[in-house]
Structures are given as structure tokens and as C-alpha cells.
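Have a look at the structure below, then the notes.
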There are 4 protein chains.
Amino acid sequence: MGQLRVGMVGHAFMGAAHSQAWRTVNHAFDLPLSARMTVVCGRDEQRAAAAAVKLGWESHATDWRAVIERNDLDLVDVCTPGDTHAEIGIAALAAGKHVLCEKPLANSVAEAREMAAAAAAAEAHGIRAMCGFNYRRVPAVALMRELVAAGRIGEIRHVRAVYLQDWIVDPQFPLVWRLRKDVAGSGALGDIGAHIVDLTQFVTGQLITGVSALTETFVRSRPLSGGGSGEVTVDDAALFLARLDGGAVATYEATRFATGRKNGLRVELNGSLGSVAFDFERMNELEFYDGTLPPAEQGFSRILATEPEHPYMSAWWPAGHPIGYEHTFTHEVRDLVAAIADRKAPTPSFADALQVQIVLDAVERSAATATWVPVEAELAAAL
Amino acid sequence: MGQLRVGMVGHAFMGAAHSQAWRTVNHAFDLPLSARMTVVCGRDEQRAAAAAVKLGWESHATDWRAVIERNDLDLVDVCTPGDTHAEIGIAALAAGKHVLCEKPLANSVAEAREMAAAAAAAEAHGIRAMCGFNYRRVPAVALMRELVAAGRIGEIRHVRAVYLQDWIVDPQFPLVWRLRKDVAGSGALGDIGAHIVDLTQFVTGQLITGVSALTETFVRSRPLSGGGSGEVTVDDAALFLARLDGGAVATYEATRFATGRKNGLRVELNGSLGSVAFDFERMNELEFYDGTLPPAEQGFSRILATEPEHPYMSAWWPAGHPIGYEHTFTHEVRDLVAAIADRKAPTPSFADALQVQIVLDAVERSAATATWVPVEAELAAAL
Amino acid sequence: MGQLRVGMVGHAFMGAAHSQAWRTVNHAFDLPLSARMTVVCGRDEQRAAAAAVKLGWESHATDWRAVIERNDLDLVDVCTPGDTHAEIGIAALAAGKHVLCEKPLANSVAEAREMAAAAAAAEAHGIRAMCGFNYRRVPAVALMRELVAAGRIGEIRHVRAVYLQDWIVDPQFPLVWRLRKDVAGSGALGDIGAHIVDLTQFVTGQLITGVSALTETFVRSRPLSGGGSGEVTVDDAALFLARLDGGAVATYEATRFATGRKNGLRVELNGSLGSVAFDFERMNELEFYDGTLPPAEQGFSRILATEPEHPYMSAWWPAGHPIGYEHTFTHEVRDLVAAIADRKAPTPSFADALQVQIVLDAVERSAATATWVPVEAELAAAL
Amino acid sequence: MGQLRVGMVGHAFMGAAHSQAWRTVNHAFDLPLSARMTVVCGRDEQRAAAAAVKLGWESHATDWRAVIERNDLDLVDVCTPGDTHAEIGIAALAAGKHVLCEKPLANSVAEAREMAAAAAAAEAHGIRAMCGFNYRRVPAVALMRELVAAGRIGEIRHVRAVYLQDWIVDPQFPLVWRLRKDVAGSGALGDIGAHIVDLTQFVTGQLITGVSALTETFVRSRPLSGGGSGEVTVDDAALFLARLDGGAVATYEATRFATGRKNGLRVELNGSLGSVAFDFERMNELEFYDGTLPPAEQGFSRILATEPEHPYMSAWWPAGHPIGYEHTFTHEVRDLVAAIADRKAPTPSFADALQVQIVLDAVERSAATATWVPVEAELAAAL
């Protein structure tokens, strides 16, 4: 069996999640390529070395530029903050490496557009690029998409999406990098809003055509780790209305101030024949309302998406045995490895991720101008 | 339109619930007879008078023997504690009055048997008797029965029934009449266990053939209202296993010590083709699992039993508008009035209620002897 | 005990609900005035007569102008469609009658302003006016308000409100009056959007200061009852973002196209110390997250709002016994009767309802202009 | 860092789950010993070789007797059917290897007693033995135990435990080894009933003192894989009542015929001060009712047991990110490795598992005799 030799840049939260996926993927799925965890890269030598041991990489490095040029690597997995995605990702593609890049693809549309162009160019040489919108790989979400695609809910009228967290409700929570625009690009919007934009477009097969938005920063100054305080330069919450190109209307909300909601990614679609609803806090379940059943028997059905008939699940345990958050990354890596082996383009592509970035940009402009902002579909399509 | 002139004996909790039903039934349902709330009877003159005003009765009385002999009454509604049911109910039937008797029918099998015999004798003269197992009239419960009867869950394998309350968890809760065997007959067993025995037999269409039981009194002494303390002479909790005559096995539990469960009457049936589950704390919902749907779409469906297609509901509000506890009594009275008008025997009959009493008696004997006790079906049938 | 003699105009859905309330209120609550259901009024003689019998009114009438002038009436209950509220309500107040008016108060801000002015004038003479936002009287909603007012969730950051129905999803559903702008004023917005505007302002104690909105009519032509088809002239769905004067940001959605959601009025508030959430399909429950509990014990708590400690509930059944939709009207009438007896102004006042109308108007203008529209608070305050 | 060299016997469902645990444990947890997956053993050479590759073992073997004698192994992990546990486990302990044995410990009390005796003897030499009741290691279950131990629910009155599956509802499901008494020992009772016996004793800290039971085999003949049919010699369902030595009463039910319930392990405890409830289908949640809160605020709280404050969870992802079934094995192995490194006895011990076996035996004898059967505590204690 051939190998797929992986180098990962960044080893914090996302790096740990990706490592678990690379370690596990070939033990859960039968694939034509075997992932090899060749090297992990981080700026700090000592921490990178410790990460290699803890996360299961064969070696460590501190210079990502050297890593991407290595001859013994096939793929670069970019797990750093968003401000470095473009530089690393484009360079890695140029060095002939497949690239898996964490979301959001970049901190700006301009950067994302460069990355998408680089990916398109690389694609011509059989070099693959994929953006890590892992929630697409929740089995219940993939099932939702299947039901929609099969016409089980009919014509979609409503999209209702929230991503609710609460980890910065305390005003004394420090000014971490995710609260700084220069590093993170935006706040709740890019971090978690990006997920619900991608996920709803993925499950509906429709694209957002315009938005009306509002953003808010509730706590504007926070303690610095070294003492003193600094300014929060990103949004704490982003709310927007939208229209989709298939005729649906939508509400979106991303916030880090929803006390008690830890990772509340929820999506509901209402169609002319039925509805589907998902809540990541109960990620093994999908609610499905089939409006074509006899009237007295209609109801929201709690499908435990753990049957072998459900996407990805035949690889795991018997029906009724839940999987967890990390499995979404294992599934993501599975699909990527399979695409590379099959010489196909994996999804979501960098172009897909660029389109998400364009939506997020429209949201920011709408919030700034208090007007409806059309999403420039032509730009995304122009790639 | 003809009238059905009602006299009610007892005006505490059950009396208030029945009054709300009598007041409402003709306004919600189209019936050939109009209920007239003629007289309410209670031992204490002043309290009976107040009850008449508060609950909407035209007059009050203190002597139930005089009440049942009145010529201007058609029906006697017995809402007193269980120790008086037999005497009042039998006398009322003998006086030619239809009788609605609260459950449990009586405090002993012997009494219940006399009442069932009296009802059978009265029946021959067109006098009707019905026992008030009101939970049969929850729309979601009636729907459950319909689904079972239509074969939607196939052959029933399992019955799982609990009735959980917590109102006497505090050891300082006083020694009320419901905790005295001489008045109440038994504790949780007769008060709420009777409901789940009746309800499960009603929805399954099967009868219990034997039980293995255990009862417990956790707090054996409680304060008396007049000072000092007295002995609790009934069970706080009754648990039993059972077999039903259609081949199902069952667990039952009735307790007043389930902290946090206020009125947790729950029933689940598992059949060869599907399952149904009900929880009175969410009385407008029925869960239904249809094992004949495509595997990837199977799940417990939350049917909001508020559609006009659901039992009793076309009389009320548009779909999605919940009804409450008291509606079960309105439905009970509706069915009773309709049966009287149609010259049919209402259900549950006194014989049905006797059969429940026989089951409860078997439970008590099983708990006392720590052995399996068959339910004497032949006795019930012998009536 | 004194009487409060009531005349009701209109006897369809709302008329039936109000009748149940008037019939029940004195039997559930101890009040200084006794409601007397004197007369019901409808345009069609035969139907009005039937309604009187069915709903329990002493008499019927067909001319509301005559009704409001009667000397034997104290209060006029306006249950007609919105286009007649202003005329009837103002005339009734001028005739010295207390007025209970169903929501929305009127079909336009201009009408609502006239009504509020009339109510203010009448108030000076001890004549009371109240608008029927019945959901304020759900015990769990009233509890929500109490928790917020007591500071239990701290400073409110987020309001999330939807009112989801699905009764016109079928394109063959006919063009009823609620789908005609000339009669109903607006569609989902005024019918159910009005409820969530009022309810969220009620529970938060904050007022909406501006909105950004989008409305949609999915099915633009529908069958007429007499054959042929006609144009739907109201919104099927209304979505809007808002800011509240206490610093919260909000999303609102009202729709009649949410397949499977029958009466899904849901409100969630996230505050700096906790959160509360309510869903009318489970109207006896309130979810409460107390962020001040020990971290390992925090969670959304399902409070069964059926304890005697909860608003309105001591009048009803023991803990754990659900109430239903109609009880909200009984509570509404209870509060109105109590206010009249106490010579106090009931709430929500017509001025409160006018403010809701101003918000709805801003929503319509925002949807039309695709811009942020401030809510003219000064106008409401000017009354 | 020292190594713990593991040999695993058996590589089916449990073998795959244990492999995932051994592969992951050192990447999730900081431990003084590093697990090395040295060898996997299976009867069939080809399948064992494939399992080694798929599951991540360095080598494979076919003779367990040779495996347990190897000098390069520290621990033997027994994942075979129950009829071989005693022989392999006792031999491995005799060979000086630590042993992790899947549950049930054995197919009979006699065998389990021998194993417990062997473990006690080995313990004196620092050789450790542990039985794999993995559900103890669900964070929400461990939290349940902590709350109980801290007195948060007071004196326990009720235990309510079910383990509901449905994988053999179809009468055409074949006669697999789990349906043959000679291999599996018993049916639902030993397979899943064992789990709820262990789990409830674990969380309550109380032992079962007697049982009253009923077992049933609904489908008595099933197809053989080679054609024809054979007799089902185990129970399909086992139901029993019990008393615990701390005064609680209990109901237990284990079945493979609960249509729609896939892996429904549910436990509820009601105490004098509160209650806790758990459902494995929502394994990241614990419901907790705190009866000491203000009455108006009491309710079952849904604790998302994914906070760093919760047992095991600081090793995983941020709050709100669910874990899955396989994590219970990773936690089990973590605790075992930690105990071995700390030279402490891991739990549950073989003696603990013997006690469970004694309870199961009492259940079978009670079902056979239709009488109450005391659990022979003295025998367990005599070890």
C-alpha cells in the first residue's frame, strides 16, 4: 500500500484534532493510501518536540519553509491561525504538496482569492487542495444533505442557523489571539460563522446571494496575559439575514456570548414537504419531519445517525454507539486521502472556501453600512 | 336538548377537576345531552356551600344519602376517598342514578366486586356506571391505543410503565388521609399504580396474568396535623414485574419518592414492528418509532397530538396549541354523556375497574409473600 | 360580589378562547368581581345565536354599535379581525366601557395611535383598556420575566425569538382573510410576529430601537373559496434583526412556512450570568441556565412551571399537572378583572400595543427599503 | 518513559474498541508508562494477520498459550467470548502478566470465583487484574458517582436501570454465538444486564442484596449461518426487581427486543435531596435535579459533561465538543495504566466482577423459581 506522507504546521487545538484523525484514519477505514505522520512544525523548538511525542509525529521542525520543501512529504496540513494560511498554503502548493488548510481559508477575500487561484493552478498538475470545514463530515449532517438532495423536504423555504458559544462571557477572560483582528481576521464571524455559512450552503446546495447584518463587541477591553489590558478588535457576535439562490430566506447568528451554549451549532431547514434539524451538542442525532406521512403520524423524528446505513458509520461501532467531535476530522481526512488516491478534487475546495470568505466579507460590509449587501457571486465564479 | 342533571359527592382535588369538566363539556363538544350541575355534596355545610359557588354548582348538600334519592338528578359523580366509593356508588345505582366513580373503584377486591355486581344489575335497567381512569382520555394516549390496535407496532414484547411523584419525599410532610390504609386502601399502589395498570391494559388490549412485586415504606412515621406523629400504613412505592396475556413482559413502578418527578406517568411499548412512548409531563406528545420505514430514516418521532386528526382534538384549538390535565376529565365526561345518550355502556366499566383492583391485590400479596402471584382472571370473568 | 358584565364582539377562534376564559376565571381564581357573559355579537344572526349557546353567552346580538351602548354592560371584548379594532374599540371606550382588544391592536400605526389616545383619555375617567397579548400569561413566560427582573441572568446580551407555524405550506390552502392585507393588515408579521415582539420586550424590560428586516411571500396566488384564485397580499414570513435599548442584539423570525412547527413560539435570552429559553410547544416548561452554579453542575434546567410557587399556578392543579393554551386567556382575564376591581391600569396597555405596532411598521419599512430603520421611540413616548 | 507491552487475545468488536484505546491513550493522557501494541492473537492466521494491520498491532499470533508465556509482554488483554475468559485469564495471571478481561468476567459463578481467587493470589505479587466494565468511564457516569458520593442527592431511594437494544427483533436474524448458552453463558442478562448491575452499584456505592426476576426468550428458533435453524438457548430479555444494601429499591431490565432503542443504557437514581439520570444514547449529558435549590428554580438540569471540570474531559477538546463510545475504553485503559504505574489495584477488580456474576446467577435462579432470591454477599466477601 502506498503512503501519504504528511507534515503538519501548527500543533494547538486544531493540530491535536488533526493528529488524532491522521493517527486513526487507516485503522477505521480501508483506504488505498496509508497516512504517515512524518513531521510536525512549530515555531518553538521545545514545544514542537513535545508535540511530536504527544501527538504521534515521527519528527518535529521549526521552519515551515523548510518543511514544505522536503522531498519526503506529500501533503502539508495547515493548522496555524488564519493570518498565515495564505503564505504557507500557497508556498506548499507551489512546492508540489497537497494542502489541507484549516478554515477560515484566509483572513481576507484578497488572500483567499490568491489561495484559490494557487489551488486552481496546482490542480492542473494533480496537486490537491482542500479546506477543513469539518462539520460537513458529521454523519448526521451528511445525512441531512442526502435527504435534501433526494427531495425529501421539497423546495427549501427557510434556513435557520446559529453557532452559539460562551467562552468569553467573563469580561476577565484574556485578550487571546482569537480576539485580535490582525491575527484572527474577525471574531465569532470568521471562527464559527464561517462554519454555518459553509454548512448551510453544503446541505441545501444553495448559495447566499445577499445579506443584511449586525455585529457587536460587548466587551471592548480585556486583560493582557502580561498585565494591563488591550482592545478587542473583533466582533463578539455577528447576526445576519440572507437570501439563497434557490429561493430560501435565512437567519444566521454566530456568538461567543450565549451563556450555557458551549458549542451550539444548530441548523434547521424547512421545505415544502418536510424539515430537518441538527444540533451539534447532540451530534449523533438528526431530526427529520416528513410531511408526506399520514397526518396523524407526522412528527419530528429523532434519527440516531449511528446505523451502518448512515454516512461514514459502517466504519465504526454497532448502531447506537455514539461517535464524537474528533471523528469529523477522521472523516475529513478519509475523504481527502480517498480523493488523492482516486485523482479527484476533494471538497470543499479553496474556491468553495473563497466563496464563504466573500459571504463573510459581505456580512462585515453590511454591518458597517447598515444596508443590504449583495454577495458578489460573479467574483467567486470568475475563478 | 335534554339535560343530564348531575350531583357530585366530594369537592376536593378530584371534585374541582370534575367540576371543570362538567362546566366545559357542552361548550367544547356537540352532545345530545346538556350537563346541568345541580348539586354538590360535602360533609361540612360551610365548605360545601363555598364549593358550590367556587366550582359552579347550583346548590349544595351535606347528606349524600338524600342526594342520591333526589328525583331531579340523573347522575351521581363520586369524588370522595376510596373507602366510601362502594357504599355511595352501590346506593346511587340502586336509586337508579348513573354513576361516575373516581378510581380506584374501591379499597378492596371484595368491595370492588360488589360494585361491579351492582353495576351489572343496574346495566340491565339502562343505568350506566363508569370508573374515572381519566388518563385513557389523553389524546396522545388514545392515539397510542389506535396505533397499537392498527398493528403499527406489531406484536407487543415489552411494557414499561412508571408513575413517579415526589410529594412526600420530605419526612416532615404530614400524615394526610392518602397515607392511611383505612381511608386510602393503599398508597402509591392504588393511587397512581392503578392508573398505569389500567392504562397499559387499555393501550395494549392485553390483561395482566401474574405479578412479582416489592413494596416499600421509606418514612414510617409522620407528623399529625394536630401535633404528635402517626404511623404511615400504606406503601410509599410499589414495584412489580408482570406478564400479559398477549405474551408481553412488563415492569411497573409507582412511587411518591422520585425526587423531581412531579407527575411522571410514563409508558413505553416495544413491539415487533415499532414502539410507542408517552410521558404525561409532556402530555401533548406521543413518541412513535416505525420500524417499517427505510432504515436510514427510522427514529422516534415526536408526534404533537394536537391535530384535528387526533382523538378529541377537533373540539379544541388549532394544531400546536396544547391542552392540559383538566381536559382529560372533560373528555371522560364527554364519553360518558355520549354513552348515556346513545344507550351504550361506557368504559372503563366497574368490571374493568374490578379487574384492576384484582391486579393490585395480587401485587400486594406478591409483595407480602415474595413469590409470583397469578392474577385470578377467572374471578373477574365470573362477573 | 359585584359583577363585571361582558359583551364580546366576534366569536371565531379568539372568541371561543375568550369565552372559555370568561366562563372559567371565577371558578379558578378568587376575585372581587364576578364575570357575567351577557352578550355575544356577530354579523350573522344565526351564527351569533349558535355561538351564544355553544360558548355560553346569555344572549346574542348582530349590531356591535348597539351592543356597546347598552347600559347593562361594563366591558367590551373585541375579538374581530384587525381592520375593525380601531372603530369598535374607540367607540366602546367613548361609550364608557372597559375594553379588552385582541392583538394586533390595529392594522396600522395611525389607527393604533388613535386607539392609544382614546385609551389615555378614557383612563382619566377610570375606564380601562388592555390589549390581548396572551402569551405574557403563560406561567413559564411570567417566570422568565421574574428571573430576568431579579437579575438571575445578568445583563442581557442576546434575544433569539421565532414564531414558527406551517398551516399554509400547501399552495392549495385557500385565500382566507388572514392572507389579505385589507383585512389582516399584514401576514405572519402582525399575526405572530407581534407576539414575539411584545413577549421579548415584556420579559427583557427592554424596547427595540431599530430593525433590519426581510419579508417574503412564497406562494403569491391561492384558491378562492368561491372558485378561481386571488392574490396573497401579505407576507408569509418576516425576519428581522434588532437592537434593544438595554444593549442586547436580537433575531426575530415569524413564518407560516416552517413545515412541522405548529405553534413554535420560542424565545431565548442569553445574559452575562445565565440564560432562559421557552418553547410554547412545551408551554409548561422553562429552561434556565444559572451560570453562577459550580462549573461542574451548570446546565440548562428544565423547570416544570407547575408548582404553586410559579405565577398563576396555585389556582390550578398539583405540581406536575400541565395546563394548556386556553389558560393563558383565563390568566389574562384574571389580571384584567383584578385591575378593574383595584382601579388600576391593566397591562399591556394600548400604548404598549401601539409601540409594538410601531416596531412592526419599522419592520415593513426596513424590508421595503433594505436598510436599517430606527424605531421611533419618541412617538410612542409622546402619548 | 517505561513501556507497557500489551498482547491482546481476540480481535472482533471488543478487540477493535480496545485497540483504538491502546493506540490513543498516550496521545490523550500524560502517563508514566507508554502502551506498546506488541501482538494480537486470533485462532485464524489470516484473519489475525489482517487484524494486526488494521488495528495497529506490531505482530500477530494464533496460540494464546504461547502469547501469555512471552517474555516481551507485560499485559494480556482478553477480548474473547466469555467461555474462554477463565482459562486465558487465569493462565495469563499465572504467567505473571497483568490482565484486562472483558465483561462478563466469566460464564458462571464458579469460573468467576476461580478467576477472582487467581487475581487475589497474583495481586500479592504485584500482578494486576481488572474487568472491563467500560461504562464506568463515561465522564457523565463518573460525574454521577461524584455527585452521589458528595451527598448531592442525599439518601438513595430508587434505582431505575434499563439497557435496551433491538438488534435481534427480526426473527430471521441468525443464531450467532451470543445467542448460545454454551458460548455466551446467558443472553441479554450477561451481555448488557451485567453492565447495569455493575454501573448502578458503582454509582450508588451500594450492593444488591436480593432479586426477583423474570426472563423471556421471544424467538426460540433462528436460522443457522450454514442453513437450517437452531435453538436459542439464552434469554432475549431479563427483568428484575432488587433491593440494595443502603435501603434503595430498584428495577432492572435488559433486553434485545426494544424496537428503536439501539443502545439505551439508562440509569436514574432518586434520592432524598435530588436525582440524577443518564442515557447512553446521549452519553455526553447528565441530568441532575437539585432539590435544595429554591422551589421555583428546581428542574432537571442537562449538564453537558464536556467541561474540563468533568472527569477525564480535560484531556480532550474544549467544552461542548462531544466524545464517543470508544473514549470509554481509552479512559479504562488510562486508569489501568495509571494503576499499574502507581502499583495500585485497578477497579473494577475480578472480585467486583465476581460479585456481579453472583447477582446475575441470583437473577437466573429467581427467574427459574419465581421467588425472591437473596444475593449471597458472604461468598463475595469471603474472597
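Bear in mind these aren't lab numbers, they're just calculated from the coordinates by the rules spelled out. Only a predicted model underlies this, so the values are computations on that prediction, with no experimental measurement involved. Heads up, the Cβs are rebuilt from the backbone with ideal geometry, glycines too, and the neighbour counts pull from every protein chain shown.
Quick rundown of the values:
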item	result
Amide H within-cut-off set for residue D:217, under 5 Å, with H built and near neighbours excluded	D:236
Global geometry of segment B:114-196, whether rounded, prolate or oblate, following the gyration tensor of its Cα atoms and the 1.5 cut on a/c	oblate
Net charge of neighbours whose Cβ lies under 13 Å from the Cβ of residue D:125, counting Lys and Arg as +1 and Asp and Glu as -1	+2
Rotation relating A and B, chain B residue nearest the axis via C-beta, angstrom	B:301, 2
Shape of segment A:2-130, Cα gyration tensor, a/c cut at 1.5	oblate
Against the rule of thumb 2.2 N^0.38 Å, how large the Cα Rg of segment B:215-289 comes out	1.53
Rounded to whole Hz, the Karplus (6.51, -1.76, 1.60) HN-Hα couplings of segment D:51-64, x for glycine and proline	5, 4, 5, 5, 8, x, 9, 5, 8, 9, 8, 10, 10, 5
Translational diffusion of chain B, µm² s⁻¹ [Kirkwood Rh, Cα pairs; Stokes-Einstein; 25 °C; 0.890 mPa s]	115
Principal axes of the protein assembly as shown: Cα extent on each, largest first, Å	98, 80, 61
Prolate/oblate/rounded call for segment A:235-350, Cα gyration tensor, a/c under 1.5 rounded	rounded
For residue B:157, residues with placed amide H under 5 Å, excluding near neighbours	B:270, B:271, B:272
Under the Debye formula (equal points on every Cα, no solvent term), log10 I(q)/I(0) of segment C:161-233 at q = 0.20, 0.21, 0.25 Å⁻¹	-0.91, -0.97, -1.21
J(HN,Hα) series, segment C:4-17, from Karplus relation 6.51 cos²θ - 1.76 cosθ + 1.60, nearest Hz, glycine and proline x	10, 8, 10, x, 10, 10, x, 9, 8, 3, 5, x, 5, 5
Residue-wise HN-Hα coupling along segment B:71-86, computed from phi with Karplus coefficients 6.51, -1.76, 1.60 (Hz; x: Gly, Pro)	7, 9, 10, 10, 9, 10, 10, 9, 10, 8, x, x, 5, 10, 4, 4
Percent of beta bridges antiparallel (DSSP, chain B, rounded to nearest 5)	60
Inter-chain shielding of C:95-104 (mean C-beta neighbours from other protein chains, 10 Å cut-off)	0
Nearest-0.05 FRET efficiency for residue A:245 and residue C:117, computed from C-beta distance (R0 56 Å)	0.75
Teacher prompt: residue A:309 distances to equivalent labels in other copies, 7 Å Cα→Cβ, nm	2.1, 4.2, 4.6
Shielding score for B:282-289, defined as the mean number of other chain Cβ atoms within 10 Å	5
10 Å Cβ neighbours from other chains, averaged over peptide A:310-320	4
Label distances, nm, residue A:205 versus same residue in remaining copies, Cβ-directed 7 Å point	4.3, 5.1, 5.8
Shortest-first distances to equivalent copies, position residue A:229, nm, label 7 Å out along Cβ	5.7, 6.1, 7.7
Cut-off under 5 Å, modelled amide H: who pairs with residue B:77 long-range	B:7, B:8, B:9, B:100
Helical contribution to [θ] at 222 nm, DSSP H n ≥ 4, -39,500 (n - 2.57), averaged over the protein assembly as shown, rounded to 500	-10000 deg cm²/dmol
Sequence of B:101, D:79 once ranked by neighbouring C-beta atoms within 10 Å, starting from the fewest	D:79, B:101
Restraint check, D:54/D:344; C:103/C:181; B:103/B:262; C:54/C:97, Cα-Cα greater than 22 Å	D:54/D:344; C:54/C:97
Taking N as its residue count, the alpha carbon Rg of segment B:86-237 over 2.2 N^0.38 Å	1.24
Within the protein assembly as shown, percent of DSSP bridges classed antiparallel, to nearest 5	60
Separation of the residue C:293 and residue A:231 label points, Cα + 7 Å toward Cβ, nm	4.0
